[in-house]
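The values are calculated or read from the model by the stated rules, or taken from the named source; none is laboratory data. Computed from a predicted structure; not experimentally measured. When we count neighbours, we look across all protein chains shown, and the Cβ atoms used for this are built from the backbone with ideal geometry, even at glycine.
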Amino acid sequence: MGKPLRVLIVEDSEDDTLLLTFELRRGNYAPIAKRVETAEAMRRALEEDEWDVVISDYVLPGFTGLEALQVLRESGLDIPFIIVSGKIGEDTAVGAMKEGANDYLIKGHTSRLIPAIEREMHEAEVRRKKRETEAALVRSERRYKRLVAAVTDYIYTVNLSDGEVVRTTHGPGCLSVTGYSNEEYVDNPFLWYQMIHEEDRAAVTGLTEEVKAGREVPSLEHRIRHKDGSLRWVINTIVPRYSERGELIAYDGLISDISERKRAEESLQVQSAALEAAANAIVITDSRGMVLSVNAAFTRMTGYTQAEAAGRDLSFLKSDRHAPDFYEDLWNTIMSGRTWHGEMVNRRKSGELYPEEQTITPVTDETGRIKHFICIKQDITERKLAEQALLQNTSLHKEMEIARQIQLSLLPASPPLLSGIDCAGRCVPASHIGGDYFDILPHGERLDLVIADVSGHSVGAALIMVETRSVLHAQMPALDGPAQVVAALNEILLDDLSRAELFITMSYLSYQRATGKLRYSNAGHPPPLLFRPSEERFFELDAEGLILGVQRRVAFHEMAMQVDKGDLLLLYTDGITETENGDGEFFGKERLKGVLAREHKKPAAGIIEAILDALRAFTGSATFNDDISMLTLKFLH
């Protein structure tokens with residue numbers, strides 16, 4: 001029975017694949033072969049199975065032998081790659097070998113196939129064993145380095161003659177602790193002294209002088225400079241050695257590296273200082289919930305000192321505002337090793353109730369047994385007050401939004417269809433609700449137009465605007481001309497405007513469709529603009545009149561003019577002309593006229609959009625600081 005051989009064949013021809021497997025059987029192999037003919041199929045085969053060798057044709061439809069070699073290299077597998085092809089020249093074969101192919105054969109001349117496979121598989125095995133040996137060596141070196149690094153103690157000896165140091169010897173652990181070998185200490189008897197930190201040399205020298213004087217000396221903690229430049233803490237314990245005559249001839253010392261302990265102590269000091277300086281109250285308890293320590297913030301928050309809290313459970317803070325189930329759930333959570341986080345109402349030492357946010361975290365030992373609890377508390381009184389204010393503000397916001405929807409619903413939803421007139425209107429409030437108002441009021445052959453601005457941006461301004469609209473719709477049919485309408489409004493609204501400390505500016509126009517005559521009055525409002533393209537001329541439709549809401553029995557002037565075919569009429573609020581850019585410059589009436597002259601051929605709605613685009617470009621912002629309203633009419637015939 002032949003030797004098993006797992007072979008991946010990159011080939012588009014089933015006949016050639018059969019010939020290859022036949023050749024392998026002749027070579028005393030029992031091949032387990034799989035044929036692939038695309039890069040994706042090859043990748044899947046390399047991922048899903050293990051292979052001893054890859055045999056590839058050089059030219060396949062949509063795939064090449066070099067691409068197959070690249071797929072194998074990308075996989076990271078060390079598998080022999082042999083090209084068997086009938087369409088490969090010697091130069092191409094040499095190039096493929098340079099790219100990493102292990103051998104190449106010509107189809108029909110495969111006598112070298114078996115020797116090539118055996119040779120390459122042998123070399124692959126040699127490479128595998130070499131990698132394993134190198135990996136084992138690396139692991140061994142790492143173990144040795146870990147062992148050396150773990151050594152933190154060593155013994156040294158200082159030999160004396162006539163009270164002077166003549167030689168020092170250091171045990172094997174000195175290399176790990178100090179970075180220097182014993183040979184380096186032998187070569188330089190003063191190296192040990194030179195390693196001692198400058199600030200600690202006097203203490204170490206004093207210790208040796210005490211030993212020379214025959215006195216017992218305690219262990220000394222001091223710093224040394226490691227060979228790598230780092231600072232290490234050591235504890236130095238000295239034992240003197242005397243001759244038979246009682247002379248000090250040497251002393252032995254035990255050096256222990258205590259750098260980790262020092263770092264832990266420093267970290268503990270920092271943590272202790274941080275606990276005391278923390279803004280949140282921190283309580284540490286034992287596994288039964290008995291208080292071990294509290295920080296200063298706890299005392300400030302509750303009124304209880306460390307002495308008053310220690311040895312008690314935290315039930316002395318209970319407010320009786322929570323049911324027993326609340327505390328039972330808390331204890332079940334933390335005793336299961338999980339963190340509890342929530343809010344509760346507690347009682348200060350003064351008896352005052354206060355809300356707090358609390359997080360209790362169990363601290364376990366290496367076996368998972370709970371040893372302590374750390375409780376972090378935060379007084380959230382101010383946050384709760386802010387939340388209540390926010391809820392109230394949210395409620396007010398909803399009311400304002402409802403008022404805004406009411407206000408916008410009172411404006412014309414869409415312009416009326418008027419024969420020979422293209423009209424459009426737009427209101428852009430600066431806040432949720434504003435005091436701008438415009439309307440188109442058809443009345444037989446008469447078409448009345450109104451635009452008004454109630455001072456302020458408030459609910460009061462919006463309500464006055466609603467009242468103004470209601471009065472207009474009720475009074476307009478019975479009155480003759482703009483002057484009478486504006487005068488009637490002033491008389492009816494005066495008391496309400498005075499009480500609300502508001503006023504209204506307004507332009508009111510009346511257009512006779514049969515004759516083309518336009519009558520208009522003004523109550524302190526920016527005068528409407530009429531642009532006549534045929535003459536490239538603007539008319540400002542102004543008339544004398546006081547703003548509404550100042551005094552009774554005001555006389556309002558009424559003016560008139562003839563409207564021509566092609567004329568463009570714009571009613572607007574001062575939010576347009578008084579829009580400011582970053583330099584404090586107003587958009588102004590002249591810029592507005594420029595937009596109208598430039599864009600007058602557009603439909604009425606397009607002219608309004610052009611004005612808004614010009615305002616956004618002028619300010620560099622998509623929002624405005626004042627209400628903006630416009631009503632535009634184009635007289636087509």
Self-check item: Residue among L292, L248, L317 that alone is in contact with a helix residue (DSSP H, G or I) (Cβ under 8 Å, 6 or more places away or on another chain) and either at pLDDT 90 or above or not assigned by TED's automatic domain parsing to the domain that holds E210 (or both)
Solution: L317
Quiz item: Restricting attention to the stretch 548-569, does a residue exist that is of a type in the set (D, E, K, R), closer than 19 Å to T632 by Cα and within 56 Å of the chain's Cα centre (by Cα)?
Solution: yes
Self-check item: Residue selected from the stretch 615-635 under the condition of a type in the set (G, A, S) and touching a residue at least 24 places away in the same chain (Cβ under 8 Å), by the criterion surrounded by the fewest Cβ atoms within 10 Å (Cβ to Cβ)
Solution: G620
Self-check item: Test: residue in the stretch 563-584 that is closer than 28 Å to V486 by Cα, part of a strand (DSSP E or B) and touching a Phe, Trp or Tyr at 6+ places or on another chain (Cβ under 6 Å)
Solution: yes
Self-check item: Matching residues, the stretch 324-337, being within 40 Å of the chain's Cα centre (by Cα) and more than 19 Å from E357 (Cβ to Cβ)
Solution: D325, E328, N332, M335, S336, G337
Quiz item: Which members of the stretch 70-84 meet the condition of being within 20 Å of V59 (Cβ to Cβ), surrounded by fewer than 19 Cβ atoms within 10 Å (Cβ to Cβ) and of a type in the set (A, V, I, L, M)?
Solution: none
Exercise. Would you check which residues across the stretch 28-45 are among the β-branched types (V, I, T) and farther than 16 Å from S75 by Cβ and list them?
Key: I32
Quiz item: Which of the residues belonging to the stretch 317-347 are in a helix (DSSP H, G or I) and farther than 22 Å from G303 by Cβ?
Solution: P324, D325, F326, E328, D329, L330, W331, N332, T333, I334, M335
Quiz item: Pairs under 7 Å by beta carbon, first residue in contact (Cβ under 8 Å) with a residue 40 or more places away in the chain in the stretch 314-333, partner assigned to a loop (DSSP other than H, G, I, E, B), six or more apart or different chains?
Solution: L314/G289
Self-check item: Boolean, R25 is within 23 Å of R73 (Cα to Cα) and either in the same structural domain as D78 (by TED's automatic domain parsing) or crowded, with 20+ Cβ neighbours inside 10 Å (or both)
Solution: no
Practice problem: Go over the candidates Y242, Y185, Y193 one by one and state the one that is among the aromatic types (F, W, Y), touching a Ser or Thr at 6+ places or on another chain (Cβ under 7 Å) and surrounded by 11 or more Cβ atoms within 10 Å (Cβ to Cβ). | Solution: Y185
Exercise. Within the stretch 544-565, track down each residue that is closer than 22 Å to L596 by Cα and crowded, with 17+ Cβ neighbours inside 10 Å.
Key: V563
Exercise. Would you mind stating whether V138 is modelled with pLDDT under 85, surrounded by fewer than 14 Cβ atoms within 10 Å (Cβ to Cβ) and either β-branched (V, I, T) or touching a strand residue (DSSP E or B) at 6+ places or on another chain (Cβ under 6 Å) (or both)?
Key: yes
